[in-house]
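Before any comments, here is the structure.
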Amino acid sequence: MDKTRTETFSDGVFAIAATLLVLGFHYPTTDGHLGRFILNLWPSLFAYFVSFLLVGLIWANHHSMFVHFQRVDRTLLLLNTLLLASVAFLPFPTELVAHALDAGQDLKPAALLYGLTLTVGGIFFNAVWNYAANYKKLLKADLSKKFIRQTTRRFLLGPLFYGMATIISLIAPLISLVGYMVLIIFYWLPPKDENKALSV
């Protein structure tokens with residue numbers, strides 16, 4: 001199957017998920033004290049910022065990954081759909097985290113669900129890549145084995161680190177939230193071998 005429609009559908013899901021994140025914001029119900037109202041929005045702003053960076057990161061890596069695909073099959077479409085399901089679900093745990101930070105309670109289950117969403121999404125992302133890499137007829141023929149191995153290892157680190165931060169949420173949820181943000185910012189850094197896909 002041609003990959004164009006898969007990429008188009010995926011881009012649509014990413015765009016909708018990113019847009020839905022803003023629905024966690026609400027207008028003030030009373031007049032006056034607008035400055036205080038804006039300052040009190042910091043939990044929602046924090047959660048929005050982290051999650052928007054995350055959606056953008058997954059989209060960027062998804063785009064970089066599909067550049068190396070020459071076609072897709074039904075199994076890869078299923079794995080990609082499961083990945084997109086985790087992306088579309090992200091606005092819900094994002095709002096839970098914002099609410100927990102604002103209320104000053106129930107942060108542990110909120111941070112846990114958020115971390116699980118990141119970890120499961122990372123697992124499905126790896127599943128898409130590993131399926132295509134193991135069935136090389138889905139990858140472009142000029143990709144080097146070295147690049148495939150390096151990419152596989154780099155992608156695998158994502159769910160491992162997110163999983164570790166998720167476990168930390170059971171003990172120190174605030175630290176885990178900071179950990180999610182640091183990991184997301186770190187993974188925005190371009191890999192050193194990004195432009196060397198064709199090297200031996």
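Can you tell me which residues in the stretch 158-175 are touching a Lys or Arg at 6+ places or on another chain (Cβ under 9 Å) and crowded, with 19+ Cβ neighbours inside 10 Å?
Once the filter is applied, which keeps residues that are touching a Lys or Arg at 6+ places or on another chain (Cβ under 9 Å) and crowded, with 19+ Cβ neighbours inside 10 Å, the stretch 158-175 yields Ser169, Pro173.
For the stretch 71-100, give me each residue that is of a type in the set (Val, Ile, Thr) and either in a loop (DSSP other than H, G, I, E, B) or more than 16 Å from Leu45 (Cβ to Cβ) (or both).
Looking only at the stretch 71-100, we keep the residues that are of a type in the set (Val, Ile, Thr), and these are 72, 75, 81, 87, 94, 97.
Correct list: Val72, Thr75, Thr81, Val87.
Restricting attention to the stretch 130-143, report how many residues are assigned to a helix (DSSP H, G or I) and closer than 14 Å to Lys3 by Cβ.
The total comes to 4.
Which ones in the stretch 101-121 are modelled with pLDDT of 95 or more and surrounded by 20 or more Cβ atoms within 10 Å (Cβ to Cβ)?
Within the stretch 101-121, Ala110, Ala111, Tyr114, Gly115, Thr117, Leu118, Thr119, Gly121 qualify.
Looking at Phe124, Phe155 in this structure, which one is buried (at least 16 other Cβ atoms within 10 Å of the Cβ), part of a helix (DSSP H, G or I) and out of contact with any Ser or Thr (no Cβ under 8 Å at 6 or more places or on another chain)?
Phe155
When both residues are 6+ apart or on different chains and their Cβ atoms are under 6 Å apart, which pairs have a first residue that lies in the stretch 171-200 and is modelled with pLDDT of 85 or more, and a second that is surrounded by fewer than 18 Cβ atoms within 10 Å (Cβ to Cβ)?
So the pair list comes out as Pro173/Lys108; Ile184/Leu53; Ile184/Leu57; Tyr187/Leu57; Trp188/Leu57.
Name the residue that is surrounded by the most Cβ atoms within 10 Å (Cβ to Cβ), counting only residues in the stretch 35-86 that are basic (Lys, Arg) and in contact (Cβ under 8 Å) with a residue 24 or more places away in the chain.
Arg71
For the stretch 42-71, name all the residues that are touching a Phe, Trp or Tyr at 6+ places or on another chain (Cβ under 8 Å), within 14 Å of Gly24 (Cβ to Cβ) and not small (Gly, Ala, Ser).
Those that are touching a Phe, Trp or Tyr at 6+ places or on another chain (Cβ under 8 Å), within 14 Å of Gly24 (Cβ to Cβ) and not small (Gly, Ala, Ser): Tyr48, Val50, Val55.
The values are calculated or read from the model by the stated rules, or taken from the named source; none is laboratory data. Quick caveat: nothing in here was measured; it's all calculated off a predicted structure. Don't worry about glycine lacking a Cβ; one is built from the backbone with ideal geometry, like all the others, and counts go over all protein chains shown.
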